[in-house]
1. Out of all the residues in segment 329-368, which are open to solvent by 10 Å² or more (accessible area, probe 1.4 Å), touching a Ser or Thr at 6+ places or on another chain (Cβ under 7 Å) and more than 15 Å from Ser223 (Cα to Cα)?
2. Looking for whichever is buried (at least 24 other Cβ atoms within 10 Å of the Cβ), at pLDDT below 95, touching a Phe, Trp or Tyr at 6+ places or on another chain (Cβ under 7 Å) and of a type outside the set (A, V, I, L, M, F, W, C) here; the options are Gly501, Gly540, Gly533. Which one fits?
3. Is segment 403-417 home to any residue that is at pLDDT below 90, under 23 Å from Ser166 (Cα atoms) and in contact with a helix residue (DSSP H, G or I) (Cβ under 9 Å, 6 or more places away or on another chain)?
4. Are any residues in segment 277-291 assigned to a loop (DSSP other than H, G, I, E, B) and either surrounded by fewer than 22 Cβ atoms within 10 Å (Cβ to Cβ) or charged (D, E, K, R) (or both), and if so, which ones?
5. What are the residue pairs meeting all of these: first residue in segment 311-336, first residue within 22 Å of Ala271 (Cβ to Cβ), second residue modelled with pLDDT under 95 and buried (at least 17 other Cβ atoms within 10 Å of the Cβ), Cβ atoms under 6 Å, and 6 or more apart or on different chains?
6. Would you be able to say whether some residue in segment 439-450 is farther than 30 Å from Phe134 by Cα and at pLDDT 90 or above?
7. Name the residue that is farthest from Ile83 (Cα to Cα), counting only residues in segment 112-137 that are of a type in the set (Gly, Ala, Ser) and open to solvent by 30 Å² or more (accessible area, probe 1.4 Å).
8. Is it the case, given these coordinates, that Gln296 is open to solvent by less than 60 Å² (accessible area, probe 1.4 Å), in a loop (DSSP other than H, G, I, E, B) and within 21 Å of Met122 (Cα to Cα)?
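The values are calculated or read from the model by the stated rules, or taken from the named source; none is laboratory data. This structure is a prediction, so every number in the text was calculated from the model and none was measured. Every residue, glycine as well, gets a Cβ built from its backbone with ideal geometry; the counts of neighbours run over all protein chains shown. When the accessible area is computed, the model is the full protein with side chains, heavy atoms only, and any ligands, DNA or RNA have been set aside. Shrake-Rupley method; radii C 1.70, N 1.55, O 1.52, S 1.80 Å.
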Amino acid sequence: MGADLSLPRSHTHCFNPSTGTTPLRSKSKHNSFILYPFTKSLHIHIPQSANFSMDQALKSSGVEEMETHKRNSMSLIFDPHKIDHQLLQKMEYDALVWSSLHGLLVGDTNSLRSGRVPGVGMIHAPFSLLPMPFPESHWKQACQIAPIFNELVDRVSLDGKFLQDSLSRMKNVDAFTSRLLEIHSKMLDANKIEEIRLGLHRSDYMLDEQTKLLLQIELNTISSSFPGLSSLVSELHRSLLHQYKQHLALNPERIPQNSAVTKFAEALSKAWSEYNNPRAVVMVVVQTEERNMYDQHWLFINPNNTYQVTSIRKTLAEIDALGELLPDGTLVVDGEAVAVVYFRAGYAPSDYPSESEWRARLLMEQSSAIKCPSIAYHLAGTKKIQQELAKPNVLERYLENKDDIVKLRKCFAGLWSLEDSNIVNDAIEKPGLYVMKPQREGGGNNIYGDDVRETLLRIEKEGSNENAAYILMQRIFPTLSPAILMRQGISQKDHVISELGVYAAYLRNKTKVIINEECGYLLRTKVSSSNEGGVVAGFGVIDSIYLV
């Protein structure tokens, strides 16, 4: 899913790498790079709310964290824009060769068959040529809270009344969420219990420049993309730093190992094993045209070789046409018993063009197959539930450990319902400080800038219940950095912002937790003038972390 938050377009060219400071020039005989200190960016007013106070946020960060930031501020950041032109061309060429040889690929939009037939119309995935500096303390923070979010999603998923009540106002204004709630309600009425629960999640964050806080953008519980390609980009960057170590004063060991693809594959395989039918398959639910198929296929190289798991790929329409439910609850699709349903589609209204797709979703939910995610896990990842969980005393309903609660609250950005008239009025007055978010995944759905004011005023004028379809979120203003973005074999120098996503896997069979762990990361980088950050959608590129 795409990134949500960025600097406004008017801030695109504010970055001044020197800020009056003399750059430190490399002593390399090729004199091919320059290092600059961290720089300050604009200070932006952030509104206060019942669930987010800037004073509280600053206090919660603690003296130790602020001192750490001061030390980090003296660190030196590599500026790729200063690389010698000839050296840069050689690095770009080698990076493109590496991508082709190692499967860092997506389908090419210029080929009509690229999203349907493997091996036809392939092109390298968009990537950043070099890794992005990221504070090690915040990296560790994001990794440490991943298992806590896993546990939270699982417990919220079991509270059917909370999910239904929190999302009830959307039934009349959001047809897509209403259909999901309808399926969920049928499962509650049937007392359908998911004894084996599998979650492959990704929690996305941005580092706010003003407060130095790592703030959560969203928690993805369905179709957490790029575990395969993100692992490859980390390897690519490590390879380039080794290859060009005489020219780049960067240590390859500062790029964290990214085990997303192997850990997700292991979680799928262990879920298959828990189902306890060696003849059953893992079914990947896919879109009709899937340019990102290679990222998905990477997950099933290890299971097929190590765990002897067979996978099949079916669209929702195919599942409706070929699927059946046996009396014992077994899901059979095209003659194959299904142990695990892994959704890489089904998260957007466009995935349900007819009633056929909705029948398939209900069929899978009614079955004994392990759903990743179940309908309850899917709803637990909606924006409205994210906003509800940020309210005072709500986390305490699901988590007992007070330290865990503090850790989660520390990364909560400001989140508000549109029923809060004070916040709505503030957003109309200062729309640049907010983002309007609907209950959608996949990027390209959020409302920014003056469009926030216009949308809020229109909803007020019409007096409709449309406000139930959105939440308001504090807009995060991260630091800008120089980068070189590679797309379709062409490089682009620009100033960018990045969004960190930390993968996590959760597998539970009744009372036994089998897996609950952080599983690697995705760093998406985009030009600062772009509001959205979806990689396949054309907004961002895949990047990796360089710990500072």
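1. Of all residues in segment 329-368, those open to solvent by 10 Å² or more (accessible area, probe 1.4 Å) come to 329-330, 332, 334-337, 347-359, 362-363, 366, 368.
From what is left, the residues that are touching a Ser or Thr at 6+ places or on another chain (Cβ under 7 Å) are 329-330, 337, 347, 368.
Within segment 329-368, Gly329, Thr330, Ala337, Ser368 qualify.
2. Working: Gly501 fails: at pLDDT below 95; Gly540 fails: touching a Phe, Trp or Tyr at 6+ places or on another chain (Cβ under 7 Å).
Of Gly501, Gly540, Gly533, the one residue that is buried (at least 24 other Cβ atoms within 10 Å of the Cβ), at pLDDT below 95, touching a Phe, Trp or Tyr at 6+ places or on another chain (Cβ under 7 Å) and of a type outside the set (A, V, I, L, M, F, W, C) is Gly533.
3. Of all residues in segment 403-417, those at pLDDT below 90 come to 417.
Then drop every residue that is not under 23 Å from Ser166 (Cα atoms), which leaves 417.
Right, trim to in contact with a helix residue (DSSP H, G or I) (Cβ under 9 Å, 6 or more places away or on another chain) and you get 417.
Checked against the condition, which is being at pLDDT below 90, under 23 Å from Ser166 (Cα atoms) and in contact with a helix residue (DSSP H, G or I) (Cβ under 9 Å, 6 or more places away or on another chain), segment 403-417 yields at least one hit.
4. Initially, segment 277-291 is screened for residues assigned to a loop (DSSP other than H, G, I, E, B), giving 277-280, 286-291.
The answer is Asn277, Pro278, Arg279, Ala280, Gln287, Thr288, Glu289, Glu290, Arg291.
5. Filtered contacts from segment 311-336: Ser311/Phe300.
6. Yes, the conditions are met somewhere in segment 439-450.
7. Initial filter on segment 112-137 (of a type in the set (Gly, Ala, Ser)): 114-115, 119, 121, 125, 128, 137.
Checking which are open to solvent by 30 Å² or more (accessible area, probe 1.4 Å) leaves us with 119, 137.
Working: Gly119: 34, Ser137: 28 Å.
Filtering segment 112-137 for residues that are of a type in the set (Gly, Ala, Ser) and open to solvent by 30 Å² or more (accessible area, probe 1.4 Å), the one farthest from Ile83 (Cα to Cα) comes out as Gly119.
8. Numbers: open to solvent by less than 60 Å² (accessible area, probe 1.4 Å): yes; in a loop (DSSP other than H, G, I, E, B): no; within 21 Å of Met122 (Cα to Cα): yes.
No; evaluated as a whole, the condition is false for this residue.
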